[in-house]
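The next block holds one structure in the form of structure tokens; read it before the comments.
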Amino acid sequence: MNSFGSNLRRQPLVALAAAPLVALAATLAAQVSPPANPPASAAPGPAPAVDQHGPTIKETYAQCFLIGMAGDVPGNYSDAEIGLIRENFGVVTPENCMKPAPVHPAEDTWRFERPDALVKWCRENNLLVHGHTLVWHAQTNPWFFQGGDKAVITGRLKDHIATLVGRYNGKVRSWDVVNEAINDRGDAETAKTENLRNSRWLQSLGPEFLTLAFRFAHEADPEAELYYNDYGIEAGPKHASSMLLLKRLIKDGAPIHGVGIQGHWSTATVPFDSIDRAIADYKALGLKVSISELDVTIRGASGGQFGPGFGGRGGPVTPPSAQDLRAQAEAYARVFSIFAKHKDAVERVTFWGLSDRRTWRFGQHPLVFDADNQRKPAYVAIVDAMRQPKADSDKPR
Ligand code: XIL
């Protein structure tokens, strides 16, 4: 076990019930959620800090938007994880297996085993699939750009998209067509431009590579919803650039239906007001919005420094404090209130991963299930954020 919390959970509850230890027990209960089904023989312990059996986020927000997770399911997920996915999510984004490098490593080589298994499993389990991602600067092998002129590279782009989108026509409801085309750093000057990333796609095909990609995807599946997806586009110069880019795509007739705000945020710095305004801005362009890769990390400084295992697996991980979990829960509740306010525009909110074990931000506790698949305070806070207004209006006046 590489989670300190998991070790704590193994302590006998009877010891925690002893009078001098009540305060400690309360602290521990707040830090770690108890097992979903404590053994009948266990002595009564402190009340569970987090209700493991209340309404799901998926059902609570069913009238607003889809709730999704990212993962290369069914892969090596445990039975418990598979159960969690089926109960809690309505749509799956393949975390890696449909990206250009894994699925199309060489011009004449396709690896469809994992994407096929994912699409099949999702259909059998009543989960929708959001495809990710057709055109990206990362996880894309160099063969796309080697030894070819503009016409050849355009042909490769078209073949890649036509083959992949065509294979899952009618089975993948929506696609991230272009991922992360805008530069990270920006200022007042770049905010007046699209500030496109100097990727091999831009170098090879110019700014039209985005329009072409959307056209090719639409040809391959005219029913699929097509997204531009990026991080940090909700705020500052990058938001301004995103608006210019999206306006250009729309003006040029690119079949674009939505924009994905990835949503990789940190508890202490979530840009709430910018998120609120950005969703309204995109909606004003006639686009749908998805929060496509949501995770809200817990700040590193609070529980001591991360050990050498930070960012990887197997090393020491500092557990979140009760205060960390509360702050994270508040941040999650606030962003979900913003998403719900814009439910006419927001069509999907997808968590990037499943749990604090199944996350690319391992060690930063970013998701709403802990490393042992237990609901965290953030889970309940998200549910309460939706139910609270209703409860208030039910009160006698
Ligand atoms: C990440 C995956 O989660 C990792 O497993 C992989 O090693 C790298 O990519 N933005 C994206 C996602 O659009 O595809 C990235 O996913 C996270 C950032």
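The values are calculated or read from the model by the stated rules, or taken from the named source; none is laboratory data. Model, not experiment: these values are computed from the prediction. All Cβ positions, even for glycine, are placed from backbone atoms using ideal geometry, and neighbour counts span all protein chains on display. These area figures cover heavy atoms from the full protein model, side chains too; ligands, DNA and RNA do not enter into them. Shrake-Rupley method; radii C 1.70, N 1.55, O 1.52, S 1.80 Å.
Please list, short to long, the whole-number percent of alpha-carbon pairs of segment 73-213 in consecutive 5 angstrom bins beginning at zero. For segment 73-213, the pair-distance distribution reads 2, 9, 18, 19, 16, 13, 10, 7, 4, 1, 0. Most tightly packed first, judged by the mean number of other beta-carbon atoms within 10 Å of their residues, the peptides 176-186, 265-275 read 176-186, 265-275. Considering only DSSP beta bridges where both residues belong to segment 121-238, give the percentage that are antiparallel (nearest 5). Beta bridges within segment 121-238, antiparallel portion: roughly 10 percent.
Summing charges over neighbours of HIS264, with a neighbour being any other residue whose Cβ is under 10 Å away from its Cβ, gives -1 when K and R count +1 and D and E count -1. Per-residue extension of 0.36 nm, minus the Cα-Cα distance of LYS192 and PHE272, leaves a gain of 26.5 nm for this segment. Scalar couplings 3J(HN,Hα) for segment 52-61, obtained by applying the Karplus form with A = 6.51, B = -1.76, C = 1.60 to θ = phi - 60°, are 8, 10, x, x, 7, 4, 4, 6, 5, 9 Hz; x denotes Gly and Pro.
Counting 0.36 nm for each residue step from THR163 to GLN203 and taking away their Cα separation leaves a gain of 12.0 nm.
Placing dummy labels 7 Å off each Cα toward the beta-carbon, the span from GLU113 to ASP184 is 3.4 nm.
Applying a 10 Å radius around every beta-carbon, put 65-71, 369-375 in order of their mean neighbour count, most first.
Working: 65-71: 24.4, 369-375: 22.4.
In descending order of packing, they fall as 65-71, 369-375.
If R0 equals 45 Å, the separation of the Cβ atoms of ALA80 and GLN388 corresponds to a calculated FRET efficiency of about 0.90.
Amide H contacts for ILE67 (H built 1.01 Å from N in the peptide plane; partners 5 or more residues away or on another chain; cut-off under 5 Å): GLY90, VAL91, VAL349.
When you count the other C-beta atoms within 10 angstrom of each residue and take the mean per peptide, 253-261, 128-136 line up highest first as 128-136, 253-261. For THR140, nonlocal amide neighbours, meaning residues 5 or more places apart or on other chains whose placed amide H falls under 5 Å from its own, are ALA101.
Here the simple spin-label model places points 7 Å from the Cα toward Cβ, and for TRP143 and LYS120 these points are separated by 2.4 nm.
With a 1.4 Å probe and all protein chains left in place, how much of the accessible area of segment 117-250 comes from carbon and sulfur atoms, in whole percent? Of the solvent-accessible surface of segment 117-250, carbon and sulfur hold 51 percent.
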